[in-house]
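Enquirer: Here it is, the structure in full.
The values are calculated or read from the model by the stated rules, or taken from the named source; none is laboratory data. Only a predicted model underlies this, so the values are computations on that prediction, with no experimental measurement involved. For neighbour counting, all protein chains shown are included, and Cβ atoms are generated from backbone atoms with ideal geometry for every residue, glycine included. For the accessible areas, the whole protein counts, side chains as well, though only heavy atoms, and no ligand, DNA or RNA atoms are used. Shrake-Rupley method; radii C 1.70, N 1.55, O 1.52, S 1.80 Å.
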Amino acid sequence: MKESLSKDVLFDFFDGRTTSIQRKLVEDWLADPRNEELYYQYLDEWESRHPQFSPQAESAFSEFVALVNDQDAAREIPLHQTEKTHLSIWKSAWAYSAVAACFLVVGGFVFNQELMYKSLASENGRTSAYELSDGTKVVLNANSVLRVPRLGFGSGNREVVLEGEAEFKVVHTERDSRFIVKMDKDYSIEVLGTEFVAFSRERGTKVFLTKGKVKLSLPKGKQLYMKPGNLFSTEKDGKFTLTSSSTPARFVAWKQDMFYFDNTLLSEAVQQLNERFKVDVRILDPVLGNRRIGGVYKARQADDLLAILSELLHLEVVKHNEFIELRTSVTNPNHE
């Protein structure tokens, strides 16, 4: 391990006040992966002393609407009518403001999402590949969305929001700017440059680290560091586990339209099917749901996997009006 840098030098580095020689020292020091955890600790301490500015988009938009209303009123009313219509203008402006306020209350969240972020999405049953402006490569699993800031991305922290599942290959920038993936229920991933797969859906959160090192921010201020091969997963109740996996291929099988089952519960296999193809397949028999399946299977549409499950486990596929049911076949599986 290289000799540790002083905290003051690193703080000057975060402030952008280091000399070229000092920046070179920091770069050489960071080349040793054993120093990365200490680097994150100093970075967390520095950020706690330097809170980042957070723009109030909704407030600014409301002020903008009010300003536009005033300017429009001034243009449309002749000068000699100003005094006579002053009261009506005030009432009209108040009405417009009330409408704008209602608009912000009802659709503020949606508007803010569209205004502040651009959405990168994948279609039903299909993956989509993107390259972000900083060079980071992202592959989205089916029915997933990645929200990227329209302004400022890459100039400071690189922060995105994930809904669904994606593989990230994050590039390391000259300024060592962190890449942050925000997920559901206050989970987030923080890296400098690395490769990982992130999963954020209703049934839980998962992160599998392929290369490098990541810091996970968990609910209630908890933090967790991961190493290559680590698998972090949660359930609906919030409980999480950190394990090691010897089969990384299972976490990116979806990139080749594959389903990777390793002694997987049939109920979980059906959940994966529903998520990827946006269908509603149900198992009403809990005993059937606890059956397990193994193997790697290619399926470009829901019917492909349903046919495979039906053949392997001797299941009957029953299509109702609102959902598809899997049930144990009542016929002899060997009957022609």
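Enquirer: Provide the FRET efficiency to the nearest 0.05 for the Asp15-Arg126 pair, computing r from the beta carbons and using R0 = 56 Å.
Expert: In this case the efficiency is close to 0.80.
Enquirer: So, one more: Given the Cα-Cα distance of Ala31 and Ser244 and 0.36 nm per residue of separation, how much length would full extension add, in nm?
Expert: This chain segment gains 74.2 nm when fully extended.
Enquirer: A further question on this structure: Fully extended, how many nm does the chain gain between Leu265 and Asp280 (0.36 nm per residue separation, minus their Cα-Cα distance)?
Expert: Result for the pair: 3.7 nm of gain on full extension.
Enquirer: Starting from the range 138-179, pick out the GluC sites (Glu not before Pro) whose DSSP state is loop and whose Cβ has at most 16 other Cβ atoms within 10 Å.
Expert: Glu174
Enquirer: What distance in nm separates the simple spin-label points at Arg150 and Glu45, each placed 7 Å from Cα in the Cβ direction?
Expert: In this crude label model, Arg150 to Glu45 measures out at 4.0 nm.
Enquirer: Using the beta-carbon distance between Asp184 and Met116 and R0 = 22 Å, what value does 1/(1 + (r/R0)^6) give for FRET efficiency, to the nearest 0.05?
Expert: Efficiency, rounded to the nearest 0.05: 0.75.
Enquirer: In debye to the nearest 20, how big a dipole does the range 202-302 give about its Cα centre with +1 on each Lys and Arg Cβ and -1 on each Asp and Glu Cβ?
Expert: Charge dipole of the range 202-302: 460 debye, to the nearest 20.
Enquirer: In whole angstrom, and with the biggest value first, how far do the Cα coordinates of the range 215-336 range along each principal axis?
Expert: 56, 27, 23
Enquirer: Expressed in nm to one decimal, what extension gain is obtained for the pair Lys211 and Lys7 from 0.36 nm per residue of sequence separation less their Cα-Cα distance?
Expert: Net length gain for the segment: 70.7 nm.
Enquirer: I've got another one for you. Would you work out the relative contact order for the range 215-296, in percent, from Cα pairs under 8 angstrom that are 6 or more residues apart?
Expert: Relative CO of the range 215-296 lands at 22 percent.
Enquirer: At q = 0.14, 0.17 Å⁻¹, work out log10 I(q)/I(0) for the range 107-262 with the Debye formula, treating every Cα as an identical point scatterer and leaving solvent out; two decimals please.
Expert: -0.68, -1.03
Enquirer: Still on this structure, I have one more. Using a 1.4 Å probe on the protein heavy atoms only, what accessible surface does Met116 show? Give it in Å² to the nearest 10.
Expert: Accessible area of Met116: about 70 Å².
Enquirer: So how far apart, in nm, are the two label points at Glu325 and Ala307 if each is 7 Å from Cα heading toward Cβ?
Expert: Result: 2.4 nm between the two label points.
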